[in-house]
Structures are given as C-alpha cells and as structure tokens.
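One structure is given below, encoded as structure tokens.
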Amino acid sequence: MDFSLTEKQKMIRRVTREFAEKHIAPIAEESDQQSRLDPQVMEEMKKMGYFGTCIPKEYGGAGLHEDTISFCIITEEIGRIDASWSITTGVHASVCAYPIYKFGTEEQKQKFLIPLAKGEKLGVFALTEANAGSDAGGVETNAYLDGDEWVLNGSKIFATNGGIAETLLVVTKTGQKGKRKELTVFIVDTNTPGYSVGVREDKLGVRASNTSELVFQDVRIPKENVLGSVGSGFRIGLQILDYGRILMAAQCVGLGQAALEASIKYANERVQFGRPIGSFQGVQWKIADMGVAVECARLLTYQAAWMCDNGLEYGTMGSMAKLKASEAAMQATHDAVQIHGGYGLMKAYAVERYFRDAKMAEIYEGTSEIQRMVIAQKLLRRGY
Amino acid sequence: MKIFTCIKQVPGVSEVKIDPKTNTLVRKGIPSITNPMDNNATELALSIKEKHGGEVIALSMGPPQAEEVLRQALAMGADEAYLLTDRAFAGADTLATSHTLGLAIKKILKDSGDEKKYLVICGTQAIDGDTAQVGPELAEELGLPQITYVQKCELKGDKIITERVFRSEETVIIESKLPALISVLKEVNDPRFPTMTGIVNAHEEMEVKYLNANDLKAGKENIGLTGSKTEVFKIFIPEKKGKHVVLEGSVEEMVQQLCNNLKEDKLL
C-alpha cells in the first residue's frame with residue numbers, strides 16, 4: 001500500500017493552491033456577499049483547464065479522466081479557498097461533462113463535450129424537482145416523441161450553475177413500465193426555444209455559485225440528444241451521482257482543511273488570560289478532533305477516487321466519503337467559529353462563510369440521510 | 001532560435017537553517033521550489049517564443065530530484081529540459097557550475113547544427129546562495145555579451161533590447177545583438193501558472209534528458225568541488241546581540257525614555 005502522491009499529483013496540488021490563493025482568495029468574501037462569480041476569475045480558471053479536468057485531451061480537457069485523485073486534489077484546493085468555485089467547476093465537470101464523455105456518442109462529444117471541457121460553455125445536471133430529489137424516481141418532467149424530436153415539459157429546481165449554463169443534462173420521464181417510471185437523460189442546449197431560467201435562489205451558503213430553477217415548455221430536442229439510451233436514465237443518473245459524490249467529498253475536505261488552518265492560526269495568535277488560547281485544553285481538543293475528522297474524510301475520498309480509477313465498484317465508498325467529508329466539514333467549521341468566539345460570527349472572518357458553506361454540503365448531492373440509506377442497504381445486502 | 005533558460009532548485013523558505021556541524025543548508029523537511037527569478041526567466045523565454053517563434057530549452061544542474069523544477073518548466077511550456085547530474089558535479093561553486101552549464105549549452109547547440117543565433121536567460125540570483133554570479137560567468141564561458149539585472153526586455157529582429165534601473169533612479173536601456181545572455185529580476189514579468197494540461201503533458205508525454213560529465217566531455221579539473229576556485233569556509237546566522245526594548249506611553253514619554261536610554265549607553 002502506497003499513500004504517496006505522484007510527482008504529477010504533487011505539482012497539481014501546489015500549482016492549484018498557489019492559483020487559488022492568488023486569484024480566488026482576494027475576492028472570495030466579496031463574491032459571497034454579492035452572490036456573484038467573478039468573470040475574471042472565470043477566465044483564469046478556464047485557462048488553467050479547471051473546467052475540463054476529468055476529460056481527455058482529445059476532447060479539449062486536461063487529460064485527468066483516469067486520475068480522479070488529481071481531480072479530487074484540484075477540487076479540494078479550490079474548495080479550501082472558496083466552496084462556491086469548487087462546486088461550480090466540480091458540478092460542471094463531474095456530473096455534466098464527464099457523463100457525456102462516459103455515455104455520449106462521438107457526435108455528442110464533438111458537439112457538446114469539447115466546449116464544456118474548454119469552459120466555453122457551462123454545464124448542469126438537472127434532476128431535482130419540487131417533488132423529486134432524494135426520491136429520484138419521483139421525476140415528473142416528461143418528454144414524448146413527436147416525429148424525430150422529443151418534446152420536453154416540466155421544471156427543475158435547485159440546479160447548480162442553472163442560470164449561467166448553456167448545456168444541461170436533464171433527467172426526464174419518458175414512459176412507464178408497470179409501476180416503474182422509465183427515465184431518460186437528455187442533453188439540452190439552452191438556446192432551444194421553450195427553455196427558460198426561473199427563480200435564482202438566494203441561499204445560506206455557497207452564495208456565489210448560481211442555483212436556479214429551469215423551466216421547459218414544449219422544448220423540442222432532437223432524437224440524437226438522448227444520452228445513453230431511452231429508458232436508461234435511472235441507471236445512468238445513479239452512476240453520474242456516484243461519480244459526482246467523490247468530488248463533493250473532495251470539496252468538503254478542502255472546506256474542512258480551511259477551517260482547521262484558520263483555527264490553528266487563530267488559536268496561536270489570540271491571547272486571553274495572558275496566553276494563546278491554543279494552550280487551553282478546551283481549544284486543543286477541538287483542534288485535534290478537526291484534524292482527525294478532515295484526515296478521515298481525505299482518506300475515504302482518495303480511496304473512493306482510487307477505486308474509481310482502478311475500475312472497482314466505488315459507489316458505496318463514494319457515499320461514505322461524501323457523508324464523512326460533509327459532516328467533517330460541518331464539525332470543523334462549527335468548531336472553527338467557536339474557537340474564533342465573537343469574531344467567528346463576523347463576516348470579516350472567513351470561518352463565518354465556511355460555516356454556512358459546510359451546511360449546504362450536508363444536503364446537496366444527496367443528504368446525509370440518503371447517504372446513510374445507500375450505505376446501509378449495501379452493507380445489509382452484502383453482509384460484512 | 002534556441003532560448004535557454006537556467007533554473008535552480010532551492011529550499012522553499014524565507015529563513016534558511018544551517019547545520020552548524022557541516023556548514024550546509026538543512027534541507028530535511030523543507031520543500032524544494034524553483035528559484036523564483038528563474039520562473040521569470042522561463043516566462044520571458046516563453047513570451048519571446050510566442051511572439052517570435054523558437055524553442056525554449058530549460059537547463060538545471062543538481063541532484064536527480066531537481067528534475068521536479070524542470071518538469072515545472074515543461075509544464076509552463078518549455079520544449080525541452082536537460083538535467084545536468086553527476087556525482088562529479090557535486091560541490092560546485094559558481095564558476096564550476098557556469099562551466100558545466102556552458103558545456104551543456106555548447107553541446108546542445110552543436111548537436112542541433114551549430115545554431116549561431118540564441119539567447120540565454122537566467123534569473124539574476126538564487127534565494128539560497130544569492131551570489132548573482134552564475135549568469136555573468138556563464139556569459140564568459142560562452143563568450144557572449146551579458147546584460148544583468150534586466151527589468152524589461154524585448155526582442156527586435158536579431159537584437160535584444162533591455163532596461164535596467166541604475167542606482168535606483170536612472171533607467172538604462174541596453175541592447176545587444178544575439179547571441180547574448182541576460183539575467184532578469186522579478187520585475188520583468190509575472191510568471192504564468194502551469195495549466196493542468198501542461199502538468200499532465202510534462203509528466204506523461206515529455207522527458208527530462210539527463211546529461212552527465214561524460215556526455216559533456218567535462219574535464220574533472222573544471223567541475224564539481226575540484227573545479228571550484230572558492231570554498232565555503234563557514235556559514236552562520238549572525239547571533240542576535242543586545243536586548244530589545246519596547247517603549248510604552250505617550251509619544252513625549254517614549255521620546256524622553258529613548259533619549260535617556262541612548263544617553264545611558266553613551267550614544268547621545
């Protein structure tokens with residue numbers, strides 16, 4: 001067993017850390033307060049290749065499609081500075097671009113994947129609806145075939161990148177087999193007539209990232225825009241979520257790490273009763289627990305990524321990673337605010353933002369409860 | 001046109017620690033980085049290439065782990081990278097280092113058909129040794145005109161036009177025909193970050209070529225410790241002398257106390 005990163009992975013970490021500290025850190029607070037992704041940072045991130053991390057070079061990506069650990073490192077390092085950016089690039093690449101690479105036809109890759117990988121267009125994976133989210137089978141957005149085109153109707157909510165994206169993967173009901181709905185994933189170009197963006201949500205955390213409602217009214221989609229095959233939407237959708245969870249876990253590792261580092265710095269600097277507060281056991285125990293939680297999360301996340309890269313079934317490990325990492329981030333950011341005392345409640349300190357961002361991660365991309373359900377079902381079935 | 005950029009791997013800390021027994025830098029547990037001004041040199045080489053064409057060749061002399069800084073240069077966009085590594089190169093002072101780098105540049109030029117027009121770019125100095133000697137000595141090795149402490153640089157035809165600030169007030173514009181050597185300061189540009197694709201290519205598709213003393217037909221007497229004309233007798237961090245006093249109170253009180261202290265020490 002070898003836990004060391006390769007030279008390539010080490011360089012990716014160092015460069016991404018330097019990049020995020022130089023370009024993202026100075027405006028992270030402002031982006032949060034204005035609920036806005038800075039367009040200049042967006043351009044810099046495109047140049048760096050962060051929108052096509054997990055896509056092969058021949059499709060305009062960085063060529064890390066078989067190195068999910070590197071993708072995790074990138075997401076973690078961006079998340080360490082600003083979770084709004086790591087969710088923007090993470091969601092775009094892992095649950096929109098990557099599925100097109102994985103399940104798409106050559107024509108779909110040429111048409112949709114290349115602009116996504118280059119960051120020329122932003123992508124969305126749209127599953128959640130007013131009455132479907134945790135229960136993916138409850139999807140009501142539907143499509144029927146009319147000649148050579150599918151006609152889509154319905155609406156999606158809470159779509160990450162929704163208002164700024166140009167390519168959508170939309171999970172849609174296309175039929176019914178007995179009791180089960182037949183689902184299909186469509187690739188939708190947002191320039192198609194009948195498509196519109198509804199409400200842009202005003203959120204607790206990851207405020208700079210765009211979360212919007214998507215509305216489809218008789219949106220006509222050519223037959224060749226079906227991802228995979230008609231009726232494969234449930235299976236594909238779950239696989240897409242499995243992969244995406246690893247990256248959400250990685251983002252939480254970064255967020256937890258940020259909270260830990262801020263706490264260490266503050267504990268060493270802040271003097272009360274004549275000594276740094278880090279010398280008090282009450283603070284020390286928090287720091288120790290944060291360190292352990294973040295490190296556990298990192299190990300599970302990298303293990304899930306490693307399993308993915310080695311062709312092993314990684315779904316359960318990905319769920320474990322996402323559960324542990326989001327709860328570790330919540331614990332670490334909660335303690336970070338506590339260690340900062342009154343200052344931790346103020347916007348002038350980044351831990352206030354980390355705390356709000358962490359809460360989001362326990363809910364999106366599968367709540368902690370859903371992760372526990374998935375993990376328990378798997379464990380109970382396999383018996384060990 | 002070949003544009004050579006010379007890179008050194010240095011400890012990535014602002015305060016170095018020295019082992020008092022061996023008189024050498026403590027490297028254990030300290031990450032290594034590319035000497036910052038050498039990144040400026042690579043950036044300049046790449047920007048000249050992007051405007052005028054050519055080929056950027058990164059060179060470094062050091063132990064095998066120095067390959068890392070060359071991979072970074074490749075990731076930034078350098079076309080080729082050579083690591084000059086051999087136990088016989090160890091312990092080199094600036095003269096032996098520049099001799100070795102000079103041999104490598106001559107060999108690369110010769111192997112590619114004796115190109116006459118080329119440019120060598122060095123960072124002015126390294127953050128560990130801080131000598132600023134390798135650039136000028138390398139120019140001598142190669143018989144090239146040298147322009148040091150360059151803050152601005154542009155290539156026009158077969159001339160390199162540079163600016164350096166003299167005595168921190170006058171700007172001097174110096175031009176030279178190619179081939180030439182320039183050493184740059186950090187003000188010359190803002191080095192690019194290697195892109196993700198660049199990093200992948202640098203590790204998966206490109207190679208760092210190794211050159212040893214034999215490859216360079218280097219004479220033992222001119223390389224490594226034996227080729228060094230200088231020897232480091234002792235390195236030490238100056239001991240802090242005297243005590244440090246913090247004065248408190250109003251400005252008047254503090255000034256009064258300062259005057260009293262200076263008088264006591266017979267400095268006033």
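A few comments on the model shown:
- Of everything in region B:118-133 that is under 9 Å from the mean Cα position of the chain (by Cα) and at pLDDT below 90, the residue that is surrounded by the most Cβ atoms within 10 Å (Cβ to Cβ) is B:127.
- Tally, over region A:131-163, of residues that are in a loop (DSSP other than H, G, I, E, B) and in contact with a helix residue (DSSP H, G or I) (Cβ under 7 Å, 6 or more places away or on another chain): 4
- Qualifying residue in region A:17-24 (condition: part of a helix (DSSP H, G or I), more than 10 Å from chain B (Cβ to nearest Cβ) and over 18 Å from residue A:255 (Cβ atoms)): no
- Residues in region A:338-358 that are more than 17 Å from residue A:288 (Cβ to Cβ) and either touching a Lys or Arg at 6+ places or on another chain (Cβ under 7 Å) or among the aliphatic types (A, V, I, L, M) (or both): A:345, A:346, A:348, A:350, A:351, A:358.
- Among the criteria (1) of a type in the set (Asp, Glu); (2) open to solvent by 80 Å² or more (accessible area, probe 1.4 Å); (3) part of a loop (DSSP other than H, G, I, E, B), the one residue B:253 does not fulfil is (3).
- Wholly within region A:25-130, helices (runs of 4 or more DSSP H) carrying at least 1 residues that are open to solvent by 30 Å² or more (accessible area, probe 1.4 Å) and within 21 Å of residue A:13 (Cβ to Cβ): A:25-34, A:39-48
- Any hit, region B:54-63, residues being part of a helix (DSSP H, G or I) and either open to solvent by 30 Å² or more (accessible area, probe 1.4 Å) or out of contact with any helix residue (DSSP H, G or I) (no Cβ under 7 Å at 6 or more places or on another chain) (or both): no
- Residue check for residue B:101: part of a strand (DSSP E or B) and closer than 28 Å to residue B:214 by Cβ: no
- Looking only at region A:272-291, and only at residues there that are hydrophobic (A, V, I, L, M, F, W, C) and surrounded by fewer than 13 Cβ atoms within 10 Å (Cβ to Cβ), the one that is farthest from residue A:2 (Cα to Cα): A:273
- In region B:147-173, the residues that are under 21 Å from the mean Cα position of the chain (by Cα), open to solvent by 40 Å² or more (accessible area, probe 1.4 Å) and among the hydrophobic types (A, V, I, L, M, F, W, C): B:165, B:166
Conditions (1) more than 22 Å from residue A:294 (Cβ to Cβ); (2) open to solvent by less than 60 Å² (accessible area, probe 1.4 Å); (3) outside any loop (DSSP other than H, G, I, E, B); (4) outside the structural domain of residue A:323 (by TED's automatic domain parsing), marked per residue:
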| residue | (1), (2), (3), (4) |
| --- | --- |
| A:184 | yes, yes, yes, yes |
| A:198 | yes, yes, yes, yes |
| A:212 | yes, yes, yes, yes |
| A:218 | yes, no, yes, yes |
| A:264 | no, no, yes, no |
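- The single condition among (1) open to solvent by less than 40 Å² (accessible area, probe 1.4 Å); (2) within 14 Å of chain A (Cβ to nearest Cβ) that residue B:218 does not meet is (2).
- Residue match in region A:326-333 (condition: more than 29 Å from residue A:239 (Cα to Cα) and either at pLDDT 95 or above or surrounded by fewer than 20 Cβ atoms within 10 Å (Cβ to Cβ) (or both)): yes
The values are calculated or read from the model by the stated rules, or taken from the named source; none is laboratory data. No experiment lies behind these values; they were computed from the predicted model shown. Heads up, the Cβs are rebuilt from the backbone with ideal geometry, glycines too, and the neighbour counts pull from every protein chain shown. Just so you know, the surface numbers come from the protein's heavy atoms only, side chains and all, with ligands and any DNA or RNA stripped out. Shrake-Rupley method; radii C 1.70, N 1.55, O 1.52, S 1.80 Å.
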